[in-house]
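To start, the structure under review is shown below, and the notes come after it.
The values are calculated or read from the model by the stated rules, or taken from the named source; none is laboratory data. Only a predicted model underlies this, so the values are computations on that prediction, with no experimental measurement involved. Using ideal geometry, Cβ is built from the backbone for each residue, glycine included, and neighbour counts are taken over all protein chains shown.
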Amino acid sequence: MSAPTLPERPRLPWDPPEHFEKRIPDGDNRERLVCGRCEFIHYQNPKIVAGAVCTWEDKILLAKRAIEPRKGFWTLPAGYMELGETTEQAAAREAKEEACATIEIERLLAMYSVARIGQVQIMYRAKLMNADIAAGIESEEVALVDWADIPWEQLAFPTVVWALAHFHESRDKTEFATYSNPTGDLARMWPPRKPEGV
């Protein structure tokens, strides 16, 4: 007896039109979605995430995620850029949306490439303009925490650990090279935990 045939799933809004096909266009070296009618190539590119390590009187702003992925875990305010904004504007908007925080960007801290999920994450150092923070719609709660009280094992993503470690390493410096993907133990920071030496 053969297994029953499963119904095809319904088309989703982000599915390409049916006349698009996956193939390698002339002069390219990888498979793309190509229109079978006009040869238009629909490029799928990494998403840019912008965020910041925000401080107020030596305390660091953290937000507990109210949405998946990693709901209930702590993170830095960050999220996808919108069209028409700079990375600095995106980082400030995300701080406002996730923690009702008004921030002033100080300088670029790091740029991380997260190839497995198609993201480039750009992180800034920033100062809170005041201590008025509250949970936004994507956050269960927010907190200003001392360095000693960071809940390392409850951080949402490896890049949050990286950004905090890089912030700590540069916190007393006005000039430093922009950080990038770490190597060694910090690169293998999963599950999240406090890095040695910070």
List pairs: first residue in the range 164-192 and within 16 Å of Gln121 (Cα to Cα), second residue among the hydroxyl-bearing types (Ser, Thr, Tyr) and modelled with pLDDT of 90 or more anywhere in the structure, Cβ distance under 7 angstrom, at least six positions apart or on different chains. His166/Tyr179; Ser180/Tyr112; Asn181/Tyr112; Asn181/Ser113
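Is it the case that Ile117 is modelled with pLDDT under 95 and more than 20 Å from Val198 (Cβ to Cβ)? Step through it out loud before you land on a result.
Values: modelled with pLDDT under 95: yes; more than 20 Å from Val198 (Cβ to Cβ): yes.
Considered against the rule, which asks whether it is modelled with pLDDT under 95 and more than 20 Å from Val198 (Cβ to Cβ), Ile117 comes out as yes.
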